[in-house]
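Undergrad: The structure follows.
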Amino acid sequence: MKLKMKGCFIPVILIIFLLSGCSAQSQNKQTEEYSSQQFMMDTFISIKAYGQNKEQLEKAVGAAFGEMKRIDLLTNRFPKQGNKEYEKSDICKVNSYGDKRPVKLDKDVFKLIDMSLYYSKISEGAFDITVAPVMDLWNFQSDNPRVPSDSEIKEKLKLVSYKFVKLNKEEGTVFLTKPGVKIDLGAIAKGYAAQKAADVLRKYGIKQALINAGGNIIVIGKKDNATPWKIGIEDPRDASSVAGILSLSDETAVTSGDYQRNFVKNGVLYHHILDPKTGKPANKTWSVTIITKDSGIADALSTTLFVLGPEKGLELTKKLKGIDAFYVGSNKHISISNGLKNKVTVEEGSKYIYDKK
Ligand code: AMP
Ligand code: MG
């Protein structure tokens with residue numbers, strides 16, 4: 001489903017939706033709810049926070065949005081030169097002259113790139129922020145995405161390798177070692193920003209909250225004193241139904257799906273998660289949801305595991321601590337990591353084949 005807004009198409013990516021209302025208020029008459037929504041990072045972000053003091057909740061949520069906005073501005077690669085937002089974006093600077101001289105980075109942007117390089121290494125390049133020049137060929141974020149020719153892709157793939165990105169820790173800089181290389185933090189920035197927002201809420205003493213950043217979910221605490229939050233994982237082929245239901249407390253669930261930003265041409269679905277080896281949409285997965293404690297990590301891994309596909313992706317979760325995954329594969333199988341079996345329910349009669357552990 002797509003929503004027309006401000007002249008451009010923005011995918012509605014409420015990937016995961018809440019199955020049961022937030023019942024915090026009903027547990028304790030003094031518990032207040034404060035909720036607010038903003039459009040940011042190409043999606044609707046909603047924050048609901050619960051506590052005793054409404055003014056404090058409002059302050060906390062405002063500060064959390066402020067932090068997300070800061071990360072958004074620093075990482076947005078789309079503003080044009082001359083624009084005020086361009087000046088605030090580290091990624092615009094890196095993509096404009098980072099192949100000529102080192103660019104000094106904000107600490108969070110440094111950390112984002114550092115994390116990205118780590119996930120590239122452990123996935124042997126399935127995750128790769130230098131995919132930007134090939135992303136631009138496809139133009140998914142525009143009104144007019146297109147299927148590039150094989151020769152165009154081949155040419156731009158010469159610029160795709162995380163090995164061209166060199167960080168200098170002492171100087172806090174990045175340098176792109178090949179002319180024309182560009183980076184795109186779209187696979188990690190939203191989750192990272194949502195995590196920073198959750199950290200802000202916690203600093204304000206919030207013990208119960210829910211952040212929904214266009215389907216990147218973070219829950220703080222439990223839904224009430226004893227019950228975890230119930231979160232539905234959207235069926236990648238039917239937005240009105242769920243493929244599974246998660247029980248979460250103090251965790252995050254981040255989904256990458258082929259239904260989120262895509263177009264159909266001659267009956268073929270083309271979507272925005274590219275296999276950096278081919279420059280084309282990765283095709284082993286319909287959706288994968290990562291469940292863990294840190295939303296930046298979950299976001300990086302959702303994209304990584306999407307590209308790797310269920311077999312290699314689930315193998316990788318075994319090597320990583322505290323990472324769980326829920327896959328809907330393009331073979332119509334649901335498969336999950338070991339740690340998830342007590343946290344997820346797939347309804348009897350699901351249209352998918354559930355490879356239960
Ligand atoms: P996500 O929805 O978190 O999986 O992120 C998808 C976004 O990440 C795309 O819109 C691109 O901006 C970027 N991207 C696409 N393919 C890759 C990849 N293989 N590695 C890293 N980033 C990617
Ligand atoms: Mg991601």
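Undergrad: Which condition does residue 123 not pass, out of (1) in contact with a strand residue (DSSP E or B) (Cβ under 8 Å, 6 or more places away or on another chain); (2) within 16 Å of ligand 1 (Cβ to nearest atom), if it passes all the others?
TA: (1)
Undergrad: Something else now. From 155, 171, grab the single residue that is assigned to a loop (DSSP other than H, G, I, E, B), farther than 30 Å from residue 32 by Cβ and away from ligand 2 (no atom under 16 Å from the Cβ). Steps first, please.
TA: Values: 155 fails: assigned to a loop (DSSP other than H, G, I, E, B).
None of the others qualify; the one that does is 171.
Undergrad: Looking for whichever is away from ligand 2 (no atom under 16 Å from the Cβ), part of a loop (DSSP other than H, G, I, E, B) and under 26 Å from residue 316 (Cβ atoms) here; the options are 134, 147, 160, 109. Which one fits?
TA: Details: 134 fails: part of a loop (DSSP other than H, G, I, E, B); 147 fails: under 26 Å from residue 316 (Cβ atoms); 109 fails: part of a loop (DSSP other than H, G, I, E, B).
Residue meeting the stated conditions: 160.
Undergrad: Something else now. Restricting to segment 275-294, give me the number of residues that are of a type in the set (Gly, Ala, Ser) and either in contact with a Ser or Thr (Cβ under 6 Å, 6 or more places away or on another chain) or within 14 Å of ligand 2 (Cβ to nearest atom) (or both).
TA: Summing the residues that are of a type in the set (Gly, Ala, Ser) and either in contact with a Ser or Thr (Cβ under 6 Å, 6 or more places away or on another chain) or within 14 Å of ligand 2 (Cβ to nearest atom) (or both) in segment 275-294 gives 2.
Undergrad: Turning to a different aspect of this structure: Test residue 223 against the stated conditions and say whether it is under 27 Å from residue 148 (Cβ atoms) and touching a residue at least 40 places away in the same chain (Cβ under 8 Å).
TA: Numbers: under 27 Å from residue 148 (Cβ atoms): no; touching a residue at least 40 places away in the same chain (Cβ under 8 Å): yes.
Answer is no for this residue.
Undergrad: Can you give me the number of residues within segment 119-131 that are surrounded by fewer than 22 Cβ atoms within 10 Å (Cβ to Cβ) and touching a residue at least 12 places away in the same chain (Cβ under 8 Å)?
TA: Going residue by residue through segment 119-131, those that are surrounded by fewer than 22 Cβ atoms within 10 Å (Cβ to Cβ) are 121-122, 124-125.
Now narrow it down to the ones that are touching a residue at least 12 places away in the same chain (Cβ under 8 Å): 121-122, 125.
Total meeting the criteria: 3.
Undergrad: Residues to consider are 284, 293, 265, 277; find the one that is within 10 Å of ligand 1 (Cβ to nearest atom) and either more than 11 Å from the chain's Cα centre (by Cα) or farther than 30 Å from residue 224 by Cβ (or both).
TA: Working: 284 fails: within 10 Å of ligand 1 (Cβ to nearest atom); 293 fails: within 10 Å of ligand 1 (Cβ to nearest atom); 265 fails: within 10 Å of ligand 1 (Cβ to nearest atom).
Result of the check over 284, 293, 265, 277: 277.
Listed here are the residues, each with its yes/no results for (1) β-branched (Val, Ile, Thr); (2) out of contact with any Leu (no Cβ under 8 Å at 6 or more places or on another chain); (3) surrounded by fewer than 20 Cβ atoms within 10 Å (Cβ to Cβ).
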position: 148; (1), (2), (3): no, no, yes
position: 173; (1), (2), (3): yes, no, yes
position: 186; (1), (2), (3): no, yes, no
position: 190; (1), (2), (3): no, yes, no
position: 203; (1), (2), (3): no, yes, yes
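Undergrad: Return a yes/no flag: does segment 210-217 have any residue that is within 15 Å of ligand 2 (Cβ to nearest atom) and part of a helix (DSSP H, G or I).
TA: Applying the first criterion (within 15 Å of ligand 2 (Cβ to nearest atom)) to segment 210-217 yields 213-217.
Those left that are additionally part of a helix (DSSP H, G or I): none.
No, segment 210-217 contains no residue that is within 15 Å of ligand 2 (Cβ to nearest atom) and part of a helix (DSSP H, G or I).
Undergrad: How many residues are surrounded by 20 or more Cβ atoms within 10 Å (Cβ to Cβ) and within 18 Å of residue 231 (Cβ to Cβ) when one looks only at segment 321-342?
TA: Residues of segment 321-342 that are surrounded by 20 or more Cβ atoms within 10 Å (Cβ to Cβ), as a first pass: 323-329, 334-337.
If we keep only those that are within 18 Å of residue 231 (Cβ to Cβ) as well, we get 323-328, 334, 336-337.
Total satisfying the criteria: 9.
Quick grid of which residues meet (1) surrounded by fewer than 22 Cβ atoms within 10 Å (Cβ to Cβ); (2) more than 14 Å from ligand 2 (Cβ to nearest atom):
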{"residue": "251", "(1), (2)": "no, yes"}
{"residue": "259", "(1), (2)": "yes, yes"}
{"residue": "264", "(1), (2)": "yes, yes"}
{"residue": "270", "(1), (2)": "yes, yes"}
{"residue": "273", "(1), (2)": "no, no"}
{"residue": "296", "(1), (2)": "no, no"}
{"residue": "305", "(1), (2)": "no, no"}
{"residue": "310", "(1), (2)": "no, yes"}
{"residue": "319", "(1), (2)": "yes, yes"}
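Undergrad: When you scan segment 249-258, do you find a residue that is out of contact with any helix residue (DSSP H, G or I) (no Cβ under 7 Å at 6 or more places or on another chain), at positive phi and at pLDDT 95 or above, even just one?
TA: Looking for residues that are out of contact with any helix residue (DSSP H, G or I) (no Cβ under 7 Å at 6 or more places or on another chain), at positive phi and at pLDDT 95 or above, one finds at least one in segment 249-258, hence yes.
Undergrad: What is the residue count in segment 174-207 for residues that are more than 16 Å from ligand 2 (Cβ to nearest atom) and small (Gly, Ala, Ser)?
TA: Step one: of segment 174-207, the residues more than 16 Å from ligand 2 (Cβ to nearest atom) are 174-182, 197-207.
With the extra rule that they be small (Gly, Ala, Ser), the set shrinks to 180, 197-198, 205.
Residues that pass the stated criteria total 4.
The values are calculated or read from the model by the stated rules, or taken from the named source; none is laboratory data. Bear in mind that the values here come from a model prediction, so they are computed numbers and not experimental data. FYI the Cβ positions are ideal-geometry reconstructions off the backbone, even for glycines, and counts take in every protein chain you see.
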